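The values are calculated or read from the model by the stated rules, or taken from the named source; none is laboratory data. Bear in mind that the values here come from a model prediction, so they are computed numbers and not experimental data. Note: ideal-geometry Cβ built from the backbone for every residue, glycine included; neighbour counts use all protein chains shown. With ligands, DNA and RNA removed, areas are computed over all heavy atoms of the protein, side chains included. Shrake-Rupley method; radii C 1.70, N 1.55, O 1.52, S 1.80 Å.
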Amino acid sequence: KDIPGTSAVSPCSSKECAPDTESPSGTGEADYCRRILVRDAKGTIREIVLPKGLDLDRPKRTRTSFTAEQLYRLELEFQRCQYVVGRERTELARQLNLSETQVR
């Protein structure tokens with residue numbers, strides 16, 4: 001996909017992302033990263049190495065805003081036991097009206 005101000009190029013073969021072994025194609029290029037060229041405000045072109053799986057178009061997840069009561073309860077549980085799992089996590093999430101992932 002094209003990103004404004006960038007131009008995509010072929011998979012990289014630089015040391016930052018090149019595997020110890022060659023890719024299945026035998027070209028020596030890593031098959032899990034890509035290079036993009038970015039032009040900054042001064043016109044300088046820079047190369048950035050990114051994993052191919054990085055989805056630059058996906059919007060960032062919004063940060064959860066916990067209430068004071070939720071934070072208090074979560075901190076108490078953390079002091080009691082750093083890893084709340086299973087039924088305890090499910091029950092705490094229900095009591096605080098949060099998802100289990102948020103309690104995690």
By accessible area with a 1.4 Å probe, ligands and nucleic acids excluded, highest first: order of Lys52, Lys42: Lys42, Lys52
Cut-off 13 Å between beta-carbons: net charge of the residues surrounding Arg104, Lys and Arg +1, Asp and Glu -1: -2
Separation in nanometres of the label points that stand 7 Å from Cα toward Cβ, at Arg87 and Ile45: 6.4 nm
Point-to-point label distance, Lys52-Asp31, nm (Cα→Cβ direction, 7 Å offset): 0.7 nm
Gain upon complete extension [Gln95, Ala68; 0.36 nm per residue less C-alpha separation]: 8.3 nm
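Val85: net charge of surrounding residues, Cβ under 10 Å, Lys/Arg +1, Asp/Glu -1, itself excluded?
Local net charge: +1.
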Length gained when the stretch Arg80-Lys60 is fully extended (0.36 nm per residue, less Cα-Cα span): 4.0 nm
Per-residue SASA entry for Ser65, accessible area with 1.4 Å probe, Å² rounded to 10: 110 Å²
